[in-house]
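Beneath this line is the structure, given in structure tokens, with notes to follow.
Please treat every number below as a calculation from the coordinates, not as lab data. What you see is a predicted model; the values in this text were computed from it and never measured. Reconstructed Cβ throughout: ideal geometry from the backbone, glycine too, with neighbour counts over all protein chains shown.
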Amino acid sequence: MIEEPYRWVEAIANRREYLEAQLAPGSPIAALGFRDGILFLTVGQTRQKIFEIYDRIAMGAIGHPGDIERLRMAAIELASTEGFTRSAADVSLRRLVHYSLSPVMKSAFEQIYGPPYLARMLFAEVGRRPEEDLFLRVEYDGEIATNGATYAQARQDFAALSGTQQSRELMEQFLKDQHTPDSTFEAALNSALDAWSIGHMFLQAGETKKLPERAAVVQHRQEQLVNAGIEAAVLERDGSRAIRYRSLSDKELRALIRD
């Protein structure tokens, strides 16, 4: 009996190590609030990573496609039920994540005889003004990180998701210095691509803890875009639009890329 708590802790540690290793290769995702909305962006070759959830809410995710789809459908169902029983304006990202998705993921992670969710997710809810935008990152164990101001940090108008914590932190460091909430779409696009490149460079090298030189970032981005496509979507800030979520084509985005 004395050994049981230790075995549980050891099993949880092993599970966390396994999940981190499985998620490590995941292509980064950047989400930036700008003048006219929120931009989600990643670069890849195959699977979709950016999705609409409900009206003002979108999601980006890395992990196993089956687990991502299960969580996406759960989020859509919860948001749709809330919108039907109340109204679309009452659907809240905070409620969706804090009271529904996070507890489900935490429970699955801690039940060591069942499979956990192999997924790491980034949600955004567009506001009427850039300062009202909300970003929430949800880990496989149900842990939530927000862009909201706390006693320890200032509020951020962006968020990043990546396979490792170090890669994500480098992306956030870059965006903190380079991005502003009143940016144009073109500026936000280029900042998001640069942030993705920085995160992806770290995942491939994993040796540096400082931001790479600008020339190296541009070169890496150009090399990756030869064989990969840009996946992006915008949550429009304009409340008069019937549909806020808009997917963007690779072709239209490449024409706006700056060196």
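Points worth noting:
- Per-pair calculated FRET efficiency, R0 = 45 Å: V226 and S100 via Cβ, rounded to 0.05: 0.65
- Largest-first principal axis extents of the Cα set of segment 191-259 (Å): 47, 24, 18
- Unit charges on C-beta of K, R, D, E only; dipole of segment 59-137, Debye: 80 debye
- Distance between the C-alpha centres of segment 89-123 and segment 19-75: 14 Å, rounded to the whole angstrom.
- Within a straight-line Cα-Cα reach of under 21 Å, K209 can be paired with the following lysines, leaving aside sequence neighbours fewer than 8 residues apart in one chain: K176.
- Relative contact order (%) - segment 27-254, alpha-carbon pairs under 8 angstrom, separation at least six: 29 percent
- Sorted into 10 angstrom bins from 0, the C-alpha pair distances of segment 27-254 split as 8, 34, 38, 17, 3, 0 percent.
- Each label point was placed 7 Å from the Cα along the Cα-to-Cβ direction; for S92 and E20 their separation is 3.3 nm.
- Taken about its Cα centre, segment 204-259 carries a charge dipole of about 220 debye when Lys and Arg each add +1 at the Cβ and Asp and Glu each add -1 at the Cβ.
- Model label sites at Q204 and S247, defined 7 Å from Cα along the beta-carbon direction, differ in position by 2.7 nm.
- Straight-line reach from K106: taking Cα to Cα under 17 Å and skipping same-chain neighbours fewer than 8 places apart, the aspartates and glutamates in range are E10, E17, E20, D67, E139, D141, E143.
- Per-residue ³J(HN,Hα) for segment 53-67, Karplus 6.51 cos²θ - 1.76 cosθ + 1.60, θ = phi - 60°, Hz, x for Gly and Pro: 10, 6, 6, 8, 10, 9, 9, x, 8, 10, x, 6, x, x, 5
- Computed over segment 44-159, the P(r) curve from all C-alpha pair distances, binned at 5 Å from the origin, holds 2, 11, 21, 23, 19, 14, 7, 2, 0, 0 percent per bin.
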